[in-house]
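The values are calculated or read from the model by the stated rules, or taken from the named source; none is laboratory data. In this text, all values refer to a predicted model and were calculated from it rather than measured experimentally. Cβ placement follows ideal geometry from the backbone for every residue including glycine, while neighbour counts extend to all protein chains displayed. The accessibility values were calculated without ligands, DNA or RNA, using every heavy atom of the protein model including side chains. Shrake-Rupley method; radii C 1.70, N 1.55, O 1.52, S 1.80 Å.
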Amino acid sequence: MRSSLTLLSITLFSLSGALAQSPAPAQPEKPTFQVSARDVIVDVVVTNDKGEPVKGLKASDFQVKEDGKLQKVDFFEGHTAKSLPPGAIAPLPQMPPNVYTNVPPAPPSDAVNVLLLDMLNTPEQNFAYSREQVMQFLKNVKPGTRMAIVTLGDKVNIVTGFTTDASTLLAALSDTHKGQQGQVSQSLTTRSDEASLNSSVAFQQSSNVGQSTASIVALQSAYATQSDFASRNRTLMTLEALRHLAKFLGNVPGRKNLLWFSSDFPVYLLPNLSERGANDYNLVPNSIVRKTADELTAARVAVYPIQAQGIMNDSWFLADSGGAGNTPTYTGSSGAPNLGSANASIVSGTLMSDAGKRSNVTAEMNQLAADTGGKAFYNNNDLTSATARAIADGSDYYALTYSPENQKLDGKYRSIDIRIPDTKYHLSFRRGYNADPLTLAPATKADADPLNPLMLLGTPNSTEILYGLRVQPAAQQPAPNAAIAGHNPKLKGPVRRLSVDFMIRWTDINLLPGRDDSHTGRIQVELLAYSPDGQALNWNGGTQMMNLPPQTYAAIQKSGIPAHVEIDVPQDQPVVLSSGVYDLSTGKAGTLQIQLQPGTAQAAASSPAGPGPNNP
């Protein structure tokens, strides 16, 4: 590593004024819920009869029970959505070329939001509709709303990481090369398939009057076998996707709202006895269901299921359903339609199938929301409004922590009940958890690095420490076979060397007074280069001990604390450069991710983790 805390020339860092004028960052968030620690944290959304958030409540207002037994609240914290009057957001000063900052354009909200567009469980036309509605929402989103966009097909695809810049999200969702275009899943049984089966069965019934019904039974059995197999595959793939998201979100502090746009939600996270039996029948191991629920609980994820098709119509009335438009009709002497016995059977079967499916889907949605502390939205064509309401619902919440009286990790389900006595408020919260021991992977060197989880690809920018970053090609590029600048011995040439200069807001760093009017402090400065698909390419940085004499201390109060790191990255491929600063005495952190195109240090117009200052 080549890193220095000697003062750099600051003439290129015109963002010093922006850093100096920025509001003080929030204090570090409390540790998140870990089942093995036996400290249970529950996020509670409280609304009145108009659906408006109830603010200003105290810990003493809440009554918390686990398995019917009253629990003592050990920690309580209210989180309120940041609101600004129109025109209150002053634009950041224009940055010089190749200079970026993690100063947010607006105060970020406490909660973060993941927009999950589900291609696996959604027909193509419904996926396209929900995607268009989300794009309309992004054109008028409230400033400061932190969001990421994820799609689910054969695997989870992070279209863009967390950012408060709606234009970055909109551009990513419009990019057809990011894989967010809808494709019919091979494991999805559509309403057209069901209508086609009903037509086939009805035709066989009308053709085999007085004859054997073996062909009808065989047809229905084959369809049921195929449908069960497809449903099992989708369920397992969906559970795997949720676990992947939980791992990604587990590194993000605070509440996470998962807005899941889908036509079907084939999972139960906390199944009752009959649902566990259904899982066994469908060969879906309950152990996988439990592990998924445990990981979502630990990551503090609240699920907001949103029905992707809007109004849940009967497939009989859809032009593309294979329903009425594709079924022969008969006309009586009066000219009025006469369905006849075959058509009446088709109509009856299709309507009953649709009604049953609607009932199952809404039950799935309501249970997912109740189990995780979210809300379900269905039978509404205005998905733009539903998206806004879901995000608003999860923006104001209270975090309650208690140490349960029952400390046994016996794998049993523990129910949670939270009330505010003598009120008519509506409370949304996680209804329980599985008391499973949390299996930890062996500790690695990366686990000991406090910046590591904050610098993973796509995670939100941390703003407890604000800084500017200048990224440009190093004056001296490495010769072939020269030693690599960085700590990845497997990185092979040709490479390009980047010169990265930090300018850190000095008031965010704890500088302690020492002898002879000097000041001391310790910070960690890191760079981590990723490929766009998330592969770690190279990393560099380390801990800096600062012993600042009076003259130097006076200088940094005018300019900030400088640091310099160089890193080698592949020459001919795009790179996401993740940077971080950590104060070892306070635990405060600042991070920033930018995307660099091959052959240059110039950042791309959009970043997976947020905009650069040249892209407001």
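A few points about this structure:
- The number of residues in segment 288-307 being part of a helix (DSSP H, G or I) and within 16 Å of THR238 (Cβ to Cβ) comes to 8.
- The set of residues in segment 52-89 being under 25 Å from the mean Cα position of the chain (by Cα), at pLDDT 90 or above and in a loop (DSSP other than H, G, I, E, B) consists of GLU52 alone.
- Subset of segment 500-525 (residues that are under 28 Å from VAL575 (Cβ atoms) and open to solvent by 30 Å² or more (accessible area, probe 1.4 Å)): none
- The sole residue among ARG290, ARG243, ARG234, ARG300 that is modelled with pLDDT of 85 or more, open to solvent by less than 40 Å² (accessible area, probe 1.4 Å) and under 17 Å from THR372 (Cβ atoms) is ARG300.
- Some residue of segment 376-393 being in contact (Cβ under 8 Å) with a residue 60 or more places away in the chain, under 26 Å from the mean Cα position of the chain (by Cα), in a strand (DSSP E or B) and at negative phi: yes
- Within segment 500-533, the set of residues being over 33 Å from the mean Cα position of the chain (by Cα) and assigned to a strand (DSSP E or B) comprises LEU512, PRO513, HIS519, THR520, GLY521.
- Annotation note: Cβ proximity below 9 Å between a residue of segment 129-151 that is open to solvent by less than 40 Å² (accessible area, probe 1.4 Å) and a residue that is of a type in the set (Asp, Glu) and part of a strand (DSSP E or B) (sequence gap 6+ or interchain) occurs for SER130/ASP118; THR151/ASP118.
- Candidates SER518, SER606, SER585, SER559 - the one that is more than 24 Å from ASP165 (Cα to Cα) and at pLDDT below 90: SER559
- Residues (in contact (Cβ under 8 Å) with a residue 60 or more places away in the chain, farther than 16 Å from LEU592 by Cβ, open to solvent by 40 Å² or more (accessible area, probe 1.4 Å) and not in a strand (DSSP E or B)) located in segment 452-499: ILE484, HIS487, GLY493, PRO494
- Test: residue in segment 554-572 that is at positive phi, of a type in the set (Gly, Ala, Ser) and out of contact with any Asp or Glu (no Cβ under 6 Å at 6 or more places or on another chain): yes
- Residue selected from segment 534-580 under the condition of a type in the set (S, T, N, Q), open to solvent by 20 Å² or more (accessible area, probe 1.4 Å) and not in a strand (DSSP E or B), by the criterion farthest from MET455 (Cα to Cα): GLN551
- Residues considered: ALA392, ALA399. Of these, the only one that is open to solvent by 50 Å² or more (accessible area, probe 1.4 Å) and either under 20 Å from VAL114 (Cα atoms) or modelled with pLDDT of 95 or more (or both) is ALA392.
- Pairs, first open to solvent by less than 50 Å² (accessible area, probe 1.4 Å) in segment 70-81, second outside any strand (DSSP E or B), C-beta under 6 Å, six or more apart: VAL73/ALA59; HIS79/ASP110; ALA81/SER109; ALA81/SER395; ALA81/ASP396
- Those residues of segment 583-602 which are open to solvent by 10 Å² or more (accessible area, probe 1.4 Å) and touching a Gly at 6+ places or on another chain (Cβ under 8 Å), in sequence order: SER585
- Filtering segment 370-379 to residues that are within 20 Å of ALA246 (Cβ to Cβ) and surrounded by fewer than 22 Cβ atoms within 10 Å (Cβ to Cβ) leaves ALA370, ASP371.
- Output for segment 254-287, where each listed residue is part of a loop (DSSP other than H, G, I, E, B) and modelled with pLDDT of 80 or more: GLY254, ARG255, SER263, ASP264, PHE265, PRO266, VAL267, TYR268, LEU269, LEU270, VAL284, PRO285
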